[in-house]
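The values are calculated or read from the model by the stated rules, or taken from the named source; none is laboratory data. Everything quoted here is computed from the prediction, not taken from an experiment. Cβ coordinates were reconstructed from backbone atoms using ideal geometry, including for glycine residues, and neighbour counts include every protein chain displayed.
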Amino acid sequence: MTSRIMIVDDEQAIRESLQGLFEDEEYLVVCAASGEEAIARLRKQAVDCVLLDIWMPGIDGLETLSRIHQYDAGLPVIMMSGHATIDTAVRATRQGAFDFVEKPLSFDRLAILARNAVQKRRLEQENVDLKRKDPLQQSRQELIGDSKAIVEARKLIGRVALSDSPVLILGEHGTGKAVAARLLHASSRRKDHPFVEVNTASVPANHMDSELFGHEKGAFAGALHSQRGRFEMAHQGSMFFDEVTELSLSAQAKVLRVMQERSVQRLGNPSALPCNVRLIAASARDLEKALLDETLREDFYYRLNVVSIRMPALRERQDDLPLLVTTLAKEQARELGGEPVQFTPAVVAELTEYRWPGNVRELRNYIERCHILMPGEEMNSDNMLPPDQAGVQRQPGGHGVVAGDLPEADSFHEAREIFERQFLFQQLEKHEWNISRTAADIGMERSQLHRKIKSFGLVPPQKEMS
């Protein structure tokens, strides 16, 4: 993942010099000319490290450090000063500065400090993420909405959860079949035992037997140690086959035998192991057609299809879309940092008119794209990213810069240039091509913004059409 650092210094030459040097090291760089601007930027865009000058007009570096840590206590801040005293360095350290460097700056030392600070930030964030994993994933573990279709689906899941019968969950891609499977397990008597998921499409056919049933050391070439299979792992719990029709006919027969005999054999071991597992399967395919195509065994299908649950498509529950948009925007803000994107009622109404062929998964991807391009901003009818072409930046008169029209990136550097071009165009449009306002809002010097506009060949729509 690319790291983002913020440079806060009232001297333009220092900001531009450090920005160029850190960009050469593949960092994403945000600049601020004052402590006030730095605080405002941090409220909109998360960073991994801050390089902060002490002596600045307005609030000084020490006060800025204090305010930064009020907002984000774990953000590493490296203090910089050309007129430092021992007392100043001690005060900065006591206030929680990551380190202190004197001007003239040694970029080699600064680069090492920044790298260490970013690494510390990452480790701490990973620890926090592990501790709060369940709350962060709340929207991924629930079927959000109050529409009749989703309420009926939740009720059916609750009733079916009380039995131990196999369950077949049907629905288009992205409708929440995996979420429904987890809810079913969490509501069942098996909730304190494992929930084991098998994405059948991701497991090579020649590895499926070993994956499902396990193997002993030496059972086949390359079996250097014994391994438990998924059925063993799921004993007393539930086992979920996502896209069950991707299982080969041979694997279907073996799974059926495990269900009937309630035992499993590792490859290379004739002894049977007890296997008490509730089977939950999901598919986006037309299973009647799969039977006719002979890609699904009849006996396997009828054993699975004791109870079926159909997950409604998003277009069938459009009343849920406003709540979904709000919930997913908050989710992206928690996961990616910054404030949630705000959507005006007019935009939400337009999103409701879209059919969402990829369902909730497509909506989540769309919201993520909005958050990346417009963190903390309000999306209205003028700057809205169309859901069917989320890479399009709208222009007056219907013109736009389309991501799909840009050349494919062969390197990270080229991909970053493509992103920068789209981002700058959108921000210029937002500020009606006022260079000063745009530069101030995105934390960039006017001279640097002019250079970027020239290098990317960006021109206002009216000039483009003339």
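Numbers at a glance
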{"quantity": "Criterion (under 24 Å from P270 (Cβ atoms) and surrounded by 15 or more Cβ atoms within 10 Å (Cβ to Cβ)) met by exactly one of H215, H185, H207, H193", "calculated": "H215"}
{"quantity": "From R67, R43, R91, R15, residue being assigned to a helix (DSSP H, G or I), charged (D, E, K, R), crowded, with 17+ Cβ neighbours inside 10 Å and not assigned by TED's automatic domain parsing to the domain that holds E420", "calculated": "R15"}
{"quantity": "Any hit, the stretch 20-36, residues being among the β-branched types (V, I, T), touching a residue at least 40 places away in the same chain (Cβ under 8 Å), part of a loop (DSSP other than H, G, I, E, B) and crowded, with 20+ Cβ neighbours inside 10 Å", "calculated": "no"}
{"quantity": "Hey, V8 closer than 21 Å to V118 by Cβ, within 22 Å of the chain's Cα centre (by Cα) and not hydroxyl-bearing (S, T, Y) or not", "calculated": "no"}
{"quantity": "Condition check for L52: modelled with pLDDT of 90 or more and within 14 Å of E11 (Cβ to Cβ)", "calculated": "yes"}
{"quantity": "Residue match in the stretch 194-213 (condition: part of a loop (DSSP other than H, G, I, E, B), in contact (Cβ under 8 Å) with a residue 40 or more places away in the chain and within 28 Å of the chain's Cα centre (by Cα))", "calculated": "yes"}
{"quantity": "Residues satisfying the stated conditions in the stretch 153-170, i.e. over 13 Å from H185 (Cα atoms) and either in the same structural domain as E331 (by TED's automatic domain parsing) or exposed (fewer than 14 other Cβ atoms within 10 Å of the Cβ) (or both)", "calculated": "K155"}
{"quantity": "Test: residue in the stretch 276-290 that is of a type in the set (S, T, Y) and more than 17 Å from V255 (Cα to Cα)", "calculated": "no"}
{"quantity": "Filtered residue count, the stretch 289-304, keeping only those that are surrounded by 15 or more Cβ atoms within 10 Å (Cβ to Cβ) and under 21 Å from A181 (Cβ atoms)", "calculated": "6"}
{"quantity": "Residue match in the stretch 383-406 (condition: at pLDDT 85 or above and part of a loop (DSSP other than H, G, I, E, B))", "calculated": "yes"}
{"quantity": "Scope the stretch 70-83; condition modelled with pLDDT under 90, within 17 Å of R109 (Cα to Cα) and part of a loop (DSSP other than H, G, I, E, B); matching residues", "calculated": "G82"}
{"quantity": "First in the stretch 161-174 and on the phi > 0 side of the Ramachandran plot and in contact (Cβ under 8 Å) with a residue 40 or more places away in the chain, second anywhere and buried (at least 19 other Cβ atoms within 10 Å of the Cβ) and β-branched (V, I, T), Cβ under 9 Å, 6 or more apart", "calculated": "G171/I309; G174/V360"}
{"quantity": "Contacts under 8 angstrom Cβ, first residue in the stretch 50-77 being under 17 Å from G443 (Cα atoms), partner at pLDDT below 90 and of a type in the set (S, T, Y), 6 or more apart", "calculated": "D53/S81"}
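The rows are residues; the columns are (1) within 25 Å of G171 (Cα to Cα); (2) assigned to a loop (DSSP other than H, G, I, E, B); (3) in contact with a Lys or Arg (Cβ under 8 Å, 6 or more places away or on another chain).
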| residue | (1), (2), (3) |
| --- | --- |
| H235 | no, yes, no |
| K254 | no, no, no |
| M259 | yes, no, yes |
| P270 | no, yes, no |
| A281 | yes, no, no |
| A290 | yes, no, no |
| E294 | yes, yes, no |
| D299 | yes, no, no |
| R303 | yes, no, no |
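One line per residue, one yes/no per condition, for (1) free of Cβ contacts under 8 Å to residues at least 40 places away in the same chain; (2) in a helix (DSSP H, G or I); (3) touching a Cys at 6+ places or on another chain (Cβ under 6 Å); (4) surrounded by fewer than 16 Cβ atoms within 10 Å (Cβ to Cβ):
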| position | (1), (2), (3), (4) |
| --- | --- |
| P312 | no, no, no, no |
| L328 | no, yes, no, no |
| G338 | no, no, no, no |
| A349 | yes, yes, no, yes |
| L363 | no, yes, no, no |
| C370 | no, yes, no, no |
